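Please treat every number below as a calculation from the coordinates, not as lab data. Since the model is a prediction, treat every value here as computed from it, not as a measurement. Heads up, the Cβs are rebuilt from the backbone with ideal geometry, glycines too, and the neighbour counts pull from every protein chain shown.
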Amino acid sequence: MRAPPVVLAFFLVTLGLTRVPRPALDNGVARTPPMGWNSWNHFGCDVSAQLIRETADALVTSGLRDAGYQFVVIDDCWQTARDARGRLIADSARFPGGIKPLADYVHSRGLKFGIYTDAGRKTCQGRPGTYGFEALDARTFAEWGVDYVKEDWCYAEGLDAPTQYAKFRDALAQTGRPVVFSICEWGSDSPWNWGPATGNLWRTTDDIGDTWTSMLSNLDISGQHASAARPGAWNDPDMLEVGNGGMTDDEYRAHFSLWAIMAAPLIAGNDVRAMSPATREILTNREVIAVDQDSLGIQGTLVSERNPELQVWMKPLKDGGRAVVLLNRSALQTVISASWWRLRITGPAGVRDLWSHADLGTFTDHFSATVPAHGVVMVRVTP
């Protein structure tokens, strides 16, 4: 009898059989999924040196830096033109001192600095792109002290994505500076096939929206490509929307849990200067972050669903345990169970709730919990 697809996929992932050997970029960075903050989701083009400094300060005072959020990334709209030598020019009104002093300030706060560009002729907002200037822009970023580059894919008609991103990968390598390279071509050219050899992370989806439906759509797409992920190379279902106001706290807790179970980059996209206590509690949950950052580097997968709205996701951990998310996609509170058989566990196992931070006891062959509507229960199961 042929095994159901989700069961077969689970066994293959557990045994390592879906991890198709592919050459991976070996630039020494992002051995665990990158964590940080990016300006786009909340601020769009409304970026400035003042915002970046205040955000760096807030990452420190809020405890986000100490929880693991390293990178402060300026997205689109910081640049206006190129000078006579072809070098990118920052918007002088918004970044009066240029980019280098800003990167220095971010570094002085014990953080790392990231910047945005585009592999095409223009950025998505019509600013100068990197096409034809790969080597110069890579050198410029290195001179400024950039630690992370996000490269978009607008105004790239007629260009080949693997080729263009490889050009910038090689240009960054030539600088000698360790830089996390984030590929953002929205999954349109199957980057899970060539991304591991080219970048440290690659977008698998369109831009996320601050809605339950959008978040689940990105989950479903990125969840199909777990075999591509490994230390130094990660599927990216896009930045976090936690705290931006479009979802409930239960939905944001689910969002954060699911990104962690998928070993996704945790890039906050809210205004960290004005977080609610609930938002801060979600973003700084160290037990959930530890699942995302687990050094085994395996992306979690869907292992069971009673129906398409009631699901169990599982991520193997370095210590032999399992991180498990019981996901209720429905609008009604309900009970969801995870069997040890599905998790490839034999014998009794201890269960710890990662949101209540409580040990729930030892269970013989399964664990069940009441899961809120549009919510999760996330546990760590230790045989």
Query raised in the report: In whole Å, how far is the Cα centre of region 89-108 from that of region 24-62?
Result: 14 Å
Query raised in the report: Can you give the calculated 222 nm mean residue ellipticity of the chain, where each DSSP H run of n ≥ 4 adds -39,500 (n - 2.57) and the sum is split over every residue, rounded to the nearest 500 deg cm²/dmol?
Result: -8000 deg cm²/dmol
Query raised in the report: Can you run phi through the Karplus equation (6.51, -1.76, 1.60; θ = phi - 60°) for region 69-81 and list ³J(HN,Hα) in whole Hz, with x for Gly and Pro?
Result: 6, 9, 9, 10, 10, 7, 8, 4, 5, 7, 9, 10, 6
Query raised in the report: When a footprinting reagent is the concern and you count Cβ atoms within 10 Å, what order do Ser330, Ser182, Ser276 take, fewest first?
Result: Ser276, Ser330, Ser182
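Extension gain Ser188-His357, at 0.36 nm per residue separation less the Cα-Cα distance, in nm?
On the way: separation 169, 0.36 × 169 = 60.84 nm, distance 3.95 nm.
The Ser188-His357 span can extend by a further 56.9 nm.
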Requested in this report: Let me know the Rg and Dmax you get for region 201-320 when you use only its Cα atoms, in Å.
Outcome: 13.7, 41
Query - Residues whose placed amide H lies under 5 Å from that of Val303, excluding near-sequence neighbours - result: Val312, Trp313, Met314
Report task. Give me His366, His42, His255 ranked fewest to most by other Cβ atoms within 10 Å of their Cβ, as a rough exposure proxy. Result -> His366, His42, His255
Query raised in the report: Which whole-Hz ³J(HN,Hα) couplings does region 282-294 yield from phi under the Karplus relation 6.51 cos²θ - 1.76 cosθ + 1.60, θ = phi - 60°, glycine and proline marked x?
Result: 5, 5, 10, 5, 5, 6, 6, 4, 4, 5, 4, 8, 3
Report summary line: Sorted by chain and then number, the residues having a modelled amide H within less than 5 Å of the amide H of Val179, at least 5 places away or on another chain, are none
Report task. Would you mind calculating the gained length between Ala24 and Ser330 on full extension (0.36 nm times residue separation, minus the Cα-Cα distance), in nm to one decimal? Result -> 106.3 nm
Report summary line: Those cysteines in the chain that have no second cysteine Cβ within a distance under 4.7 Å are Cys184
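Report the local net charge at Ala323: Lys and Arg +1, Asp and Glu -1, summed over other residues whose C-beta lies under 13 Å from its C-beta. If you can, show how the numbers build up before the last one.
Numbers: positive: Lys315, Lys318, Arg322, Arg352, Arg380; negative: Glu287, Asp292, Asp294, Asp319, Asp353.
Counting the neighbours of Ala323, the net charge comes to 0.
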Query raised in the report: What number, in nm² with one decimal, is the all-direction average of the projected area of the convex hull of the alpha-carbon atoms of the chain?
Result: 18.7 nm²
Report summary line: What the Cα atoms of region 107-209 span along the principal axes, largest first and in whole Å, is 38, 28, 27
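Based only on Cα atoms, what Rg/Rh ratio does region 300-382 have, Rh being taken as Kirkwood's radius? Numbers along the way, then the final one.
Numbers: Rg = 11.8 Å, Rh = 12.6 Å.
Answer for region 300-382: 0.94.
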Query raised in the report: Does anyone have the angle between helix 134-144 and the longest principal axis of the chain? Alpha-carbon axes, 0 to 90°, nearest 10?
Result: 90 degrees
Report task. Return the sequence-ordered ³J(HN,Hα) values of region 243-249 in whole Hz as given by the Karplus equation 6.51 cos²θ - 1.76 cosθ + 1.60 applied to θ = phi - 60°, using x for Gly and Pro. Result -> x, 8, x, x, 10, 7, 4
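Give me the orientation-averaged projected area of the Cα convex hull of region 244-383, in nm², one decimal. Present the calculation step by step, with values, prior to reporting the outcome.
Numbers: hull surface 32.4 nm².
Computed as one quarter of the Cα hull surface, the answer is 8.1 nm².
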Report task. Could you pull out every residue, at least 5 positions away or on a different chain, whose amide H is within less than 5 Å of the one on His366? Hs are placed 1.01 Å off N in the peptide plane, and Pro or chain starts have none. Result -> Trp340
